[in-house]
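Some notes on the structure that comes next.
Every read-out reported here was derived from the displayed coordinates using simple, explicitly stated rules and does not represent laboratory data. Please read all numbers here as calculations on a predicted model, not as lab measurements. Because the Cβ atoms are built from the backbone with ideal geometry, glycine has one as well, and the counts that use them run over all protein chains shown.
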């Protein structure tokens, strides 16, 4: 299938409006006008794709969505892979970016704004969109709802201390890590979405995902494919003195 192409004239008009006429500072986070402008531009051009996804009768499915980002240097076009579970959506191409809504329509609307703000934070921090997370268990009924304020504090306690506050979402980053948690502002986080954040945190505790999502300093972190040990466990060979490595 031919790759979707955004209208360059629309992108050029937004670029001209923001950076040439309004003289917006490209080093600062997107403001409300930029988020809303880009939201409407994306929704107008790929709205038919969102409509098809909203109308799916399946409760659980994967999909790919074309997306657009505009900065002071160029236009970025990319596809994001999402996992839809009921009225919750997790962006697999941007680990940590998750949304929900009263229904699927509002969930996809929230997704567009979340990805815009998360893309803004990631690009300005040198991160890209290829860090896919493969989900395991999809839900745990023992997980309780949580306020966005408490979830943000919880993630900060786990090391995601760099805060990027946007109009609709707060994005949390951690030095040396490629995961960007995207939390809706002033909201009650459902048990399902709360579990999604917990699941990603659990994945990050494993060696495979630590290697995938952390920028590893060879002088500090090591791992061995013979014994499956690493710098946190030590050598797991039955006799470390005979380990080939």
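So here's what we get for this one:
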| item | result |
| --- | --- |
| Förster radius 25 Å - calculated FRET efficiency between residue 20 and residue 79, Cβ distance, rounded to 0.05 | 0.30 |
| Residue 167 paired with residue 58, simple spin-label distance in nm, labels 7 Å along Cα-to-beta-carbon | 3.4 nm |
| Spatial separation of Cα centroids for the range 102-116 and the range 57-97, in angstrom | 10 Å |
| Normalised per residue, the volume of the convex hull around the Cα set of the range 8-214 (Å³) | 112 Å³ |
